[in-house]
Amino acid sequence: MPTVKIYRVTKGATDGLVSWTECEGFQGPSQLLNSKLTSIIFEAQVGTVSAPIGATIDILGDGSSDCLGTGNSDVIPTTTTTTTTTSTTTTTQAPAASFTLSYDASSALTACNNYATSTATYYARAGSNFVNSTQLFTNSILTNKAPDGYYSNGSYFGIVASDGFVSNISTCASATTTTTTTTTTTTTTTTTTTTTTTTTTTTTTTTTTTAAPTTTTTTTTAAPTTTTTTAAPTTTTTTTAGPTTTTTTAAPTTTTTTTTTTTIAPVYCVEYICTSNSGGYVFWTDCITNQPAGALLNPGKRKKISSRTYPVGEKGTRLSVIFGETNQLEITEIQPLP
């Protein structure tokens, strides 16, 4: 496979055409540098770039040797070649961009408030600004990626969720702290059973009847003897107790059940077609992983992407975006941003 680099050609004092050989081996479309288009970025085979006298040719990094159109993300020193009528070549390294930012690991509001009292210097590739898709580093040679969390320049804040890339830029005025309170109510139902007992008392009355003594009167006369015996009558009294009635009443039992249903909002993915006359990097948010993504767009080429957010180009890229289809993603678990 050919050796491929990513070039940036900047216009000098003279207007003129820039030409090169593509990775695949055919001649790329020539681009005219003038007062309206002062620089272009493209991928080409080494030693095939032709530019007007006085133009500056910068090597931004390694191209893709498999001709897929995306370069690496490693930091590569920039080589600037200046062509003059005396054939003098000068090599310089473009300085990294720097930002004064405040930081908090978990709160956008705290990051904004920290700007007045606690800041640090962070770095990015030359020409970058504190915008979405900018990759932040903690050192000027761009080898240590900034940790995940919230960063602020005092007016705006952004979120770094992976590999130092900034996303979700918003104003500090919109930063709020949300506190979620969950209240659990426990209801206890007590059932009271009252038992009424009726005590039955049985009274037994015993009546004793004593027979009166028998009196015998004997009269002796000349007439026959007559004996008369009289027995007193016997009386018996019986008392019957009334029936016993027992009544038991149970208090009613009431049970209350509360069901809470949470509905997850749908996620939408939009298809875009991106083109650029000058070429450069384009950045977006991947639909499936919800992570920042990027690729190099050659001058005059088209690239189709699917993104949750509107695609943006790096500084100097004249990006044209055409909307395509919009699809609703059925994602059961969405990765949260920190």
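The values are calculated or read from the model by the stated rules, or taken from the named source; none is laboratory data. Fair warning: this is a prediction, and the values are worked out from it, not measured in the lab. Glycine also receives a Cβ, built like all others from the backbone with ideal geometry; neighbour counts cover every protein chain displayed. Surface accessibility is based on the protein's heavy atoms, side chains included, excluding ligands, DNA and RNA. Shrake-Rupley method; radii C 1.70, N 1.55, O 1.52, S 1.80 Å.
Details
- Residue count for region 137-158, restricted to those that are part of a strand (DSSP E or B), out of contact with any Asp or Glu (no Cβ under 8 Å at 6 or more places or on another chain) and closer than 19 Å to ALA293 by Cα: 2
- Among the numbered conditions (1) of a type outside the set (S, T, N, Q); (2) open to solvent by 30 Å² or more (accessible area, probe 1.4 Å); (3) at pLDDT 90 or above; (4) part of a loop (DSSP other than H, G, I, E, B), the only one that MET1 does not meet is (3).
- Meets criteria (within 12 Å of LEU101 (Cα to Cα) and assigned to a loop (DSSP other than H, G, I, E, B)) for PHE130: yes
- Inside region 47-84, residues that are farther than 14 Å from LEU296 by Cβ, open to solvent by 50 Å² or more (accessible area, probe 1.4 Å) and modelled with pLDDT of 70 or more make up a count of 3.
- Number of positions in region 85-104 that are of a type in the set (A, V, I, L, M, F, W, C) and modelled with pLDDT of 95 or more: 1
- Where strands (runs of 3 or more DSSP E) fall wholly inside region 227-338, the ranges with 2 or more residues that are at pLDDT below 60 and open to solvent by 40 Å² or more (accessible area, probe 1.4 Å) are 247-250.
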